[in-house]
Ligand SMILES: [Zn+2]
């Protein structure tokens, strides 16, 4: 057992190994394998096969620079998605407390607290006043 471990360490020496992108690809692969076995869709199976080959290729790669850059691209997209998700969540929480209106004149968006009955709203950008139920 020790010998196998040793030779594996030796083999992986100077190779890139796993990173966030690889882990993400592995998760996608697993999902695709499960889905393709249910859906009997050979294309999905083929994609998962290509993905797993790509994961191993990256893991055993000696081109650290290129792999690192690939991971950076992935991380940039990942943080973008997380940011958008957080923003959506925040907007949804605000929607519970505020009504969102558009100015009938200039279409500026504004928000009014909910549950105040009829309120007179004045547009912050053009000054137009209109009555809304809140
Ligand atoms: Zn306006």
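A few comments on the model shown:
- Test: residue in segment 84-106 that is surrounded by 11 or more Cβ atoms within 10 Å (Cβ to Cβ), away from the ligand (no atom under 16 Å from the Cβ), under 20 Å from the mean Cα position of the chain (by Cα) and assigned to a helix (DSSP H, G or I): yes
- Exactly one residue out of 73, 112, 131 is at negative phi, within 16 Å of the ligand (Cβ to nearest atom) and either assigned to a helix (DSSP H, G or I) or loosely packed, with under 10 Cβ neighbours inside 10 Å (or both), and it is 131.
- Of the residues making up segment 35-49, those that are surrounded by 13 or more Cβ atoms within 10 Å (Cβ to Cβ) and either modelled with pLDDT of 95 or more or part of a helix (DSSP H, G or I) (or both) number 7.
- Verdict on residue 63 being in contact (Cβ under 8 Å) with a residue 40 or more places away in the chain, more than 19 Å from residue 24 (Cβ to Cβ), surrounded by 12 or more Cβ atoms within 10 Å (Cβ to Cβ) and more than 13 Å from the ligand (Cβ to nearest atom): yes
The values are calculated or read from the model by the stated rules, or taken from the named source; none is laboratory data. In this text, all values refer to a predicted model and were calculated from it rather than measured experimentally. Don't worry about glycine lacking a Cβ; one is built from the backbone with ideal geometry, like all the others, and counts go over all protein chains shown.
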